[in-house]
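Here's the structure we're looking at; comments come further down.
Every number in this text was worked out from the coordinates using simple rules, so none of it is lab data. None of these values were measured; they are calculated from a predicted model. So basically every Cβ, Gly included, is an ideal-geometry build from the backbone, and we count neighbours across all protein chains shown.
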Amino acid sequence: RYGGETELLFLVEPDEAHVRAYLDAIDQGEPIVFAATIDKHVAAGVLHEWLRMLPDSLIPSKYFFRVVALDPCDLDAVHAMCAALPMMNKIVLSRLCRFLGRVSEYGVGYDDDRCLLALVLRFRPIVLRPADDKRASDDDLDTAARLVWSLITLHDEIFDDDDSAPLLAWELDDDVAMPGEVGGDDDDNGGGGGGGG
């Protein structure tokens with residue numbers, strides 16, 4: 001809960017040795033507690049590295065090409081996609097994006113948009129990336145970044161506190177088309193999960 005008002009959080013390189021010490025403790029199953037006096041950039045570095053080392057992005061990578069087929073400005077479609085995520089993914093994504101919105105307001109030395117853009121580019125692979133065996137175009141990666149921008153700036157309009165919210169026409173299922181998709185079968189684009197063709 002600390003650090004939201006720290007200048008350039010996630011954009012200043014933390015003390016690598018301190019970050020590594022915390023990550024090693026996590027790897028060994030030891031609980032870690034950040035004191036209120038900790039260097040906030042170290043705490044941010046631990047959070048970023050831990051998220052970066054997760055085996056998959058918060059929006060599962062097998063859906064990358066289906067998600068980037070959406071219009072990031074279509075709030076109904078983005079809301080539906082987020083509502084259909086696995087519960088833990090949705091909770092972490094929501095809290096992360098809400099926090100990044102707070103962080104972006106304290107980008108001293110940046111204007112708000114530049115600070116937010118830097119955060120978007122830093123966290124885009126954590127939020128959404130293609131599977132390791134798939135290649136994404138620059139346009140796809142740009143769309144993914146614009147989606148992250150929307151998730152941060154329009155957080156309260158996209159995420160529901162009510163976990164029973166309707167899924168608005170689709171679920172993250174390999175055979176169900178997303179809003180805005182022409183059809184449900186997008187395996188030709190390299191996405192859609194499931195087995196090979």
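Just a few scattered comments:
- For Lys134, the lysines whose Cα falls under 29 Å of its own Cα, not counting residues fewer than eight places away in the same chain, are Lys62, Lys90.
- Listed residues Ser137, Met87, Leu75: farthest to the positive end of the dipole of the range 49-148 (Cβ charges): Met87
- Net charge of the neighbourhood of Pro125, taken over other residues with C-beta under 12 Å away and scored Lys/Arg +1, Asp/Glu -1, is +2.
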